[in-house]
1. In whole Å, what three semi-axes, largest first, describe the equivalent ellipsoid of the chain built from its Cα gyration tensor (square root of 5 times each eigenvalue)?
2. In degrees between 0 and 90, to the nearest 10, how far off the longest principal axis of the chain does helix 2-24 point, with axes built from Cα atoms?
3. Which of Lys38, Lys20, Lys55 moves the most in a Gaussian network model of the chain with Cα springs under 10 Å?
4. Taking neighbour counts of Cβ atoms within 10 Å as a proxy for exposure, in what order, fewest first, do Val18, Val57 appear?
5. Can you tell me the dipole magnitude for region 11-52 around its Cα centre, using point charges on the Cβ only (Lys, Arg +1; Asp, Glu -1), in Debye to the nearest 20?
Amino acid sequence: MLTRFLFFALVIYLAYRVIKVLVLGVPPARKEPHVQGKPKNRPLDLSNTQVEDAKFVEIKKNDEESK
């Protein structure tokens with residue numbers, strides 16, 4: 001019984017695919033878009049002279065304020 005169900009499901013699926021190709025036709029091949037021109041953003045050029053370490057200051061909280 002299960003094999004008969006799987007067989008009919010496969011036949012229906014294949015018929016659907018064939019009818020879809022016959023009615024809609026073969027979809028055109030997908031083309032990659034061609035982009036012309038120069039990018040507006042230049043790539044970052046970070047050298048050691050342009051990079052600076054961040055400085056952090058620890059903020060101490062009172063125990064009374066946190067409760």
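Nothing in this text is a laboratory measurement; each read-out follows from the coordinates by a stated rule. From a predicted model like this one, the values you see are computed outputs, not experimental measurements. In this analysis, Cβ positions are derived from the backbone assuming ideal geometry, glycine residues included, and neighbour counts consider all displayed protein chains.
1. On the way: eigenvalues 808, 226, 25 Å².
In descending order the semi-axes read 64, 34, 11 Å.
2. Taking Cα atoms only, the helix is inclined about 80 degrees.
3. Of Lys38, Lys20, Lys55, the Gaussian network model singles out Lys55 as fluctuating most.
4. Sorted ascending by nearby Cβ count, the order is Val57, Val18.
5. Working: 7 positive and 3 negative charges, 71 e Å.
My answer is approximately 340 debye.
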